[in-house]
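The values are calculated or read from the model by the stated rules, or taken from the named source; none is laboratory data. Keep in mind that what you see is a predicted model, and the values were worked out from it rather than measured. Note that we place each Cβ from the backbone using ideal geometry, even for glycine, and neighbour counts take in every protein chain shown.
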Amino acid sequence: MTLQTERLVLSVPVDGDIDAIYEACQDAAIQRYTTVPSPYRREDAEQFIVKTAEQWAAAEHLTWAMRRGDELVGMVGLYRLSGKGDGELGYWVSPQARGQGLITEASRAVLDWAFAADGLSLVRVEWHASTGNIPSARAARTLGFHYEGLRRQALVNSFGRDDGWTAALLVTDDRSPQPWPVLEY
């Protein structure tokens with residue numbers, strides 16, 4: 001499943017992406033705020049490509065590489081697809097591509113497809129992030145996610161457990177930015 005936006009092509013990560021994934025995942029923020037291993041080794045990128053293909057085949061996690069021309073600029077995906085109409089949106093963007101609106105652009109395309117009758121027909125998509133991950137929270141708010149609260153020690157990565165913010169978007173929601181008590185406008 002390939003999706004296209006004004007500036008991006010979203011497609012399944014392939015072996016040719018290994019070096020770019022490895023390089024991007026050396027970034028301290030990606031390691032801190034996502035579930036990628038830390039330290040991140042080249043072998044982790046190689047395994048990621050294999051696991052992504054398996055997860056697409058099983059329809060449990062769907063990950064797209066975000067490509068701007070020939071450059072891999074990030075990843076976006078729908079995770080924890082239950083088969084009951086719900087899933088979770090997740091993303092990261094490489095350091096050199098931050099601040100350009102690419103996450104919201106890619107995520108809109110993924111959400112449109114996720115909610116569409118000829119896509120996944122999802123009813124609810126959740127978003128989670130460690131407290132303090134302001135850029136991710138701003139992107140989710142811009143996408144129209146409704147802030148639902150704080151989950152204590154709910155998120156786990158290589159650094160341990162974190163408190164996490166949670167938000168959700170329903171197929172019936174207005175997708176305009178919503179007020180979030182943890183973010184200032």
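In the set (1) closer than 19 Å to residue 98 by Cβ; (2) touching a residue at least 60 places away in the same chain (Cβ under 8 Å), residue 21 fails one condition alone, (2).
Considering (1) touching a residue at least 60 places away in the same chain (Cβ under 8 Å); (2) buried (at least 18 other Cβ atoms within 10 Å of the Cβ), the lone condition that residue 29 does not fulfil carries the number (2).
In segment 103-129, the residues that are farther than 25 Å from residue 149 by Cβ form Cβ pairs under 8 Å with partners that are surrounded by 20 or more Cβ atoms within 10 Å (Cβ to Cβ) and of a type outside the set (A, V, I, L, M), at six or more places apart or across chains, as follows: 106/64; 106/74; 106/91; 120/87; 121/115.
Mind listing whichever residues of segment 131-140 are surrounded by fewer than 20 Cβ atoms within 10 Å (Cβ to Cβ) and either under 15 Å from residue 155 (Cβ atoms) or of a type outside the set (Val, Ile, Thr) (or both)?
131, 132, 135, 138 - these are the residues of segment 131-140 that are surrounded by fewer than 20 Cβ atoms within 10 Å (Cβ to Cβ) and either under 15 Å from residue 155 (Cβ atoms) or of a type outside the set (Val, Ile, Thr) (or both).
Highlighted here are the strands (runs of 3 or more DSSP E) found entirely within segment 32-105 that include at least 1 residues which are modelled with pLDDT of 95 or more and more than 26 Å from residue 168 (Cβ to Cβ): 62-68, 71-79. For segment 1-26, a residue qualifies if it is at pLDDT below 95 and not hydrophobic (A, V, I, L, M, F, W, C), but none of them does.
Identify all residues within segment 141-162 that are assigned to a loop (DSSP other than H, G, I, E, B), surrounded by fewer than 14 Cβ atoms within 10 Å (Cβ to Cβ) and among the small types (Gly, Ala, Ser); write none if there are none.
Looking only at segment 141-162, we keep the residues that are assigned to a loop (DSSP other than H, G, I, E, B), and these are 143-145, 158-159.
Cutting the leftovers down to surrounded by fewer than 14 Cβ atoms within 10 Å (Cβ to Cβ) gives us 158-159.
If the condition is that a residue be assigned to a loop (DSSP other than H, G, I, E, B), surrounded by fewer than 14 Cβ atoms within 10 Å (Cβ to Cβ) and among the small types (Gly, Ala, Ser), then 158 is the only one that fits.
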